[in-house]
Amino acid sequence: MIGRRALLGGGAGLLLAGCDRVAAIPAARRILFAGEDMHRGLHRALTDRAALAPEFTPSQMSPIFRANGTRDPGTPAYAAMVAGRFADWRLAVGGLVARPLSLSLTDLRSLPNRTQITRHDCVEGWSAIGQWTGPMLGNVLKAAGVRDAARYIVFTCADLYGGAPYYESIDLIDAFHPQTILAWAMNGRPLDVAHGAPVRLRVERQLGYKHAKYLMRIDAVASLAGIGRGKGGFWEDNVDYDWYAGI
Ligand SMILES: Nc1nc2c(c(=O)[nH]1)N[C@H]1C(S)=C(S)[C@@H](COP(=O)(O)O)O[C@H]1N2
Ligand SMILES: [Mo]
């Protein structure tokens with residue numbers, strides 16, 4: 001398992017571990033953090049956002065990983081892509097980028113890939129541990145050249161809810177987090193339809209509904225206004241789920 005502090009170098013990690021021990025003593029806490037409310041809040045927000053989600057060993061993988069939400073988009077366009085084994089599928093990367101991209105599955109597979117065994121936590125109260133493989137979203141975004149004005153990355157899916165595509169969005173901190181990947185394989189096999197074929201987002205520091213399946217488009221945007229009902233995602237728009245679903 002990769003520890004939460006693996007992002008920090010060894011020295012910084014040790015230093016932080018020492019500070020944590022001191023910080024556990026109430027009197028020391030009061031002194032350490034006195035008058036630092038603003039900085040502490042900011043510091044904690046930043047360090048927490050960069051931390052890695054726990055990773056697990058193959059023996060810890062769930063024997064059954066249920067599928068949730070859409071299990072098959074079922075549209076004629078999607079059915080045709082399944083029939084063609086996704087040879088005609090393209091992932092559009094656009095919006096506020098210098099170089100819009102149109103990526104095939106082969107393109108994505110040929111990028112450096114990351115494999116991670118993580119726990120998926122659904123807001124409905126179930127979890128499962130699975131293995132995911134795919135390129136880091138950050139590398140794809142670097143290839144596209146995200147413009148300075150961009151603040152969010154929006155994911156548009158192939159499945160429709162009430163006629164509109166399922167969609168989700170994350171900020172640039174999560175977009176460039178090392179465990180945020182465009183997964184085309186699950187548990188060592190190409191991603192199946194139920195779990196979001198051909199490619200789904202894994203954004204391991206957030207709850208399940210942020211992990212958009214059936215990806216069709218990725219757009220860098222300055223604002224979420226005007227997309228769906230403006231709250232940044234299908235469930236955020238429709239049942240008031242939090243936009244930031246950090247875990
Ligand atoms: N396109 C799309 N993505 C989606 C959903 C969906 O219905 N459509 N459901 C979300 C929810 S609530 C969860 S818990 C996970 C479920 O992923 P799984 O089917 O691989 O278990 O996908 C998320 N991503
Ligand atoms: Mo979920």
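Only one of these is open to solvent by less than 50 Å² (accessible area, probe 1.4 Å) and either away from ligand 1 (no atom under 15 Å from the Cβ) or at pLDDT below 95 (or both): ALA185, ALA220, ALA194, ALA149. Name it.
Numbers: ALA185 fails: either away from ligand 1 (no atom under 15 Å from the Cβ) or at pLDDT below 95 (or both); ALA194 fails: either away from ligand 1 (no atom under 15 Å from the Cβ) or at pLDDT below 95 (or both); ALA149 fails: open to solvent by less than 50 Å² (accessible area, probe 1.4 Å).
Among ALA185, ALA220, ALA194, ALA149, only ALA220 is open to solvent by less than 50 Å² (accessible area, probe 1.4 Å) and either away from ligand 1 (no atom under 15 Å from the Cβ) or at pLDDT below 95 (or both).
Within 16 Å of ligand 2 (Cβ to nearest atom), open to solvent by 30 Å² or more (accessible area, probe 1.4 Å) and either assigned to a strand (DSSP E or B) or not acidic (Asp, Glu) (or both): is that true of SER102 in this structure? Write out each step before concluding.
Details: within 16 Å of ligand 2 (Cβ to nearest atom): no; open to solvent by 30 Å² or more (accessible area, probe 1.4 Å): yes; either assigned to a strand (DSSP E or B) or not acidic (Asp, Glu) (or both): yes.
Judged against the criteria, SER102 is not a match.
Only residues that are at positive phi and out of contact with any Lys or Arg (no Cβ under 6 Å at 6 or more places or on another chain): list them for the stretch 135-180, please.
We begin by selecting, within the stretch 135-180, every residue at positive phi; these are 145, 162-163.
Result: GLY162, GLY163.
Looking only at residues in the stretch 55-79 that are of a type in the set (A, V, I, L, M, F, W, C) and open to solvent by less than 60 Å² (accessible area, probe 1.4 Å), which one is nearest to ligand 1 (Cβ to nearest atom)? If you could, list the steps in order and put the result at the bottom.
Of the stretch 55-79, the ones of a type in the set (A, V, I, L, M, F, W, C) are 56, 61, 64-65, 67, 77, 79.
Checking which are open to solvent by less than 60 Å² (accessible area, probe 1.4 Å) leaves us with 56, 61, 65, 67, 79.
Values: PHE56: 16, MET61: 14, PHE65: 6, ALA67: 4, ALA79: 16 Å.
Checked the stretch 55-79; the qualifying residue nearest to ligand 1 (Cβ to nearest atom) is ALA67.
Check off (1) of a type in the set (A, V, I, L, M); (2) surrounded by 19 or more Cβ atoms within 10 Å (Cβ to Cβ); (3) over 18 Å from LYS231 (Cβ atoms) for VAL154 and give me the number that stays unchecked.
(3)
Listed here are the residues, each with its yes/no results for (1) touching a Ser or Thr at 6+ places or on another chain (Cβ under 8 Å); (2) in a strand (DSSP E or B); (3) within 16 Å of ligand 1 (Cβ to nearest atom); (4) touching a residue at least 40 places away in the same chain (Cβ under 8 Å).
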| residue | (1), (2), (3), (4) |
| --- | --- |
| TRP89 | yes, no, yes, yes |
| GLY94 | no, yes, no, yes |
| THR106 | no, no, no, no |
| ARG109 | no, no, no, yes |
| GLU124 | no, no, yes, yes |
| TRP132 | yes, yes, yes, yes |
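Could you count how many residues in the stretch 55-85 are away from ligand 2 (no atom under 16 Å from the Cβ) and in contact with a Phe, Trp or Tyr (Cβ under 9 Å, 6 or more places away or on another chain)?
So the count comes out to 4.
Taking LEU141 as the residue in question, decide whether it is open to solvent by 60 Å² or more (accessible area, probe 1.4 Å) and modelled with pLDDT of 95 or more. Talk me through it step by step, then tell me what you get.
On the way: open to solvent by 60 Å² or more (accessible area, probe 1.4 Å): no; modelled with pLDDT of 95 or more: yes.
Here the answer is no, as LEU141 does not meet what is asked.
Among (1) touching an Asp or Glu at 6+ places or on another chain (Cβ under 9 Å); (2) within 22 Å of PRO100 (Cα to Cα); (3) open to solvent by 30 Å² or more (accessible area, probe 1.4 Å), there is one condition ALA212 misses while meeting the rest; what is its number?
It is condition (3) that ALA212 fails.
If you take the residues of the stretch 105-126 that are surrounded by 15 or more Cβ atoms within 10 Å (Cβ to Cβ) and among the acidic types (Asp, Glu), which of them is nearest to ligand 2 (Cβ to nearest atom)?
ASP121
The values are calculated or read from the model by the stated rules, or taken from the named source; none is laboratory data. All values derive from a computational prediction rather than experimental measurement. In this analysis, Cβ positions are derived from the backbone assuming ideal geometry, glycine residues included, and neighbour counts consider all displayed protein chains. Calculation scope for accessible area: heavy atoms of the full protein, side chains included, ligands and nucleic acids excluded. Shrake-Rupley method; radii C 1.70, N 1.55, O 1.52, S 1.80 Å.
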